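Here's the structure, in C-alpha cells; my notes come after.
Since every read-out is calculated from the coordinates, none of them should be taken as a lab result. Note that the coordinates shown come from a computational prediction; the quantities given were computed from them, not determined experimentally. Every residue, glycine among them, receives a Cβ derived from its backbone with ideal geometry; neighbour counts consider all protein chains shown.
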Amino acid sequence: MSATPHQVTLSAELESLPRFRELIQAASLNSGLSDQDIYDVQLAVDEICTNIIIHGYADMDPGSVILTAEMVGDALKVTITDFGHPFEPTEPPAPNTEAPLEEREEGGLGLFFVYMSIDELQYESSPTGNVTTLLKKKSP
Amino acid sequence: MQVFFKRKQQPEPVVPNLGSITLSLLEGDPTIPFTLKQINELPENIRRRVYRNLVPAHLLTRFGIDPITWLGANKEPLVFIKAEHEKIFVSARTTPAEEDEFFALELADNLLNGIDLNLLLLNDPTSQRFGTDKDEHGRSTMFGTINRNMAEETRAKEAGLAPGQVRNSLSASKIVFDQVETFLATIGQRAYFLEPLTYASAWVFEKRGFAYVRGHKLMDDIHREFQPQGKLYEALNASSPFRQPDQWNTVRGRAWAIHDGILETIDMNWDKLRMVKQVGKYANVNTFPNSIY
C-alpha cells in the first residue's frame, strides 16, 4: 500500500536540481525517515540527475527528467525517468578516501556516495525511456 | 565527476525480429510487442479488426458513421485505411469528399521498432474552412512548413485558429489519445513518439501527458523570453500580423509568432523537438504555467 506519488517533470538542466530536492523533502513529510535519511536520498538523486543532465542528454537539446517519489511500506522509493542516451550501469570503483586530499584523484565520489547512501539501486534502459529506481529504508 | 554508467553503443530495438505473426507467436509470450509491419502483413480482414481499435467509436457515431461497418447513413464508406509496409493511415469523413475529413491519423514503426505518431488531424467539419493548406497557386503548403498562404493565415489567426489548422478543432484529442493507447497496449507497445508541428500542438501534447525526448529546454527558453523584457517579447513589434505585441501571453499568439520565424531572434529554430508518451502514464509537463490558449 502506498500513498499517491509525488511527481515533477522538468527540463534536464542543473537549474532543476533544487526542485527535485524539494520534491524528495515533500514526499518524506511525516514518513518517519530521519533527516539524515532524507539528505542521503537528496544527495543520491542529485548525483543521478547530474549524470543524466551532463552525460545522458549530451549532444542533445535537453529533454525531460521525470522524478516520482512515494513511500512504499517503510521505504522511500524514487523513480527517475529520462529519454537521453541509454547507459549500462557498472560497479563503481571505490575511491581512496583515506589518502590525503592532495593525493586523491579529482571527482570519483559522486556515484560512490549513491551506492553507499541508499539501500537499492536499479537501472533499466530501453528506447521508450531509461528508468533509475532508488530505495531508501528507514534507519532503525 | 566520474561516470560509472557506460554509454550503450547500440540501443536495443523495442521489438525483436520475430518475423510474421503466426498462431504460435500469438500463443506465446503476450508481453512481446508487435510492429505495425507485422500487423500489415496479416490478411486484410484481420488487419481491419485490429485497426478498428484505432478509431474512437464515439467519434464515428457523432457523425452518423457505423463504428463496425464504417458506412454512413447512405451506406457509403466514410472511413478509409491505408496499411502498407510500416505505416497505418486512417481517415474519417462526413462525406466521401476529402475536404470533409474530420479525423486523420498516421502511425509508423520507427527505426527501433517503436511507434511514431506522424499525423493527427481533428477538424470540426461544421466550422468555417480556411485555405492555409494551399498557396495562391493551389500547391500544398504542408501545414505552412514549406510555403505559406499569408492572406488565409491572417484570416485563420483572426478567427482564433492556431498555425497548421484549416478548421476549428473537434476538441476530441483526449478520447483519441486514450484510444491510441488502448491500441498500443493491445499490441504490446509501451510508448509512442511524435514531433510537434507547432508550439500550440506541443502545448496540447503536454496537457495530454507527453514529456520531451528533445526540446524541453527550448520550451522553457521560449517561455522565459516571452516574458516582459524578454527577447521574444521585445520582438513582438507589430512588424507583421503575426507579431502583435499582445501575443506574448497566449499559446496561440506565441505559436503564430514562432510560425512566423520569431525564434531567429534568439538564434533558435522550431525543429528537432521530439515528445514521448508512455502508455498509461502522465508526465505532467507544464512549460507555460497559467497559460491561456
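Can you give the local net charge around B:Glu264? Use residues other than it whose beta-carbon is closer than 13 angstrom to its beta-carbon, Lys and Arg +1, Asp and Glu -1.
Charge balance near B:Glu264 sits at -2.
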Query raised in the report: Out of B:Thr186, B:Ala92, B:Pro33, whose Cα points farthest toward the positive end of the dipole of the protein assembly as shown (charges: +1 Lys, Arg; -1 Asp, Glu; placed on Cβ)?
Result: B:Ala92
Requested in this report: Could you size up the charge dipole of the protein assembly as shown around its Cα centre, putting +1 on the beta carbon of Lys and Arg and -1 on that of Asp and Glu, and report it in debye to the nearest 20?
Outcome: 1520
Report summary line: Here the net charge surrounding A:Phe113, from other residues whose Cβ is less than 11 Å away from its Cβ (Lys, Arg +1; Asp, Glu -1), is -3
**Report entry** Dipole axis of the protein assembly as shown (+1 Lys, Arg; -1 Asp, Glu on Cβ), positive-most option in B:Tyr51, B:Pro16, A:Ile38
**Finding:** B:Tyr51
Query raised in the report: Put +1 on the Cβ of each Lys and Arg and -1 on the Cβ of each Asp and Glu in segment B:181-293; which of B:Ala257, B:Ser239, B:Ile222 then has its Cα farthest toward the positive end of the dipole?
Result: B:Ile222
Report summary line: Once Lys and Arg are counted +1 and Asp and Glu -1 for all other residues with Cβ under 15 Å from that of B:Lys37, the total becomes -3
Requested in this report: May I ask for the distance between the Cα centers of segment B:63-134 and segment B:176-197, given as a whole number of Å?
Outcome: 16
Report summary line: The extension gain from B:Thr186 to B:Ala97, computed as 0.36 nm times the residue separation minus the Cα-Cα distance, is 28.9 nm
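Given a cut-off of 18 Å, name the pairs among B:Lys217/B:Lys272; B:Lys174/B:Lys277; B:Lys82/B:Lys134 whose C-alpha atoms lie farther apart than that in the structure shown.
In this structure, B:Lys82/B:Lys134 exceed 18 Å between Cα atoms.
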Query raised in the report: What helices in chain B pass both tests, a Cα length along the helix axis of 18 Å or more and a mean Kyte hydropathy of -1.0 or higher, using whole DSSP H runs?
Result: B:173-186
**Report entry** Using θ = phi - 60° and Karplus 6.51 cos²θ - 1.76 cosθ + 1.60, couplings along segment A:21-32 (whole Hz; Gly, Pro as x)
**Finding:** 5, 4, 5, 4, 4, 5, 5, 8, 4, 6, 8, x
Query raised in the report: Could you work out Rg/(2.2 N^0.38 Å) for the protein assembly as shown, with Rg from alpha carbons only?
Result: 1.11
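Would you mind ranking B:Val276, A:Val72 so that the residue whose beta carbon has the fewest other beta carbons within 10 Å leads the list?
The most exposed by this proxy come first: A:Val72, B:Val276.
In debye, nearest 20: dipole of segment B:24-129 around its Cα centre with unit charges on the Cβ of K, R (+) and D, E (-)? Write down the numbers at each step before the final one.
Values: 11 positive and 16 negative charges, 58 e Å.
I would put it at about 280 debye.
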Query raised in the report: Can you list the aspartates and glutamates whose alpha carbon is less than 15 Å from that of A:Lys137, not counting same-chain residues fewer than 8 positions off?
Result: A:Asp35, A:Asp37, A:Asp40, A:Glu70, A:Asp74, A:Asp119, A:Glu120
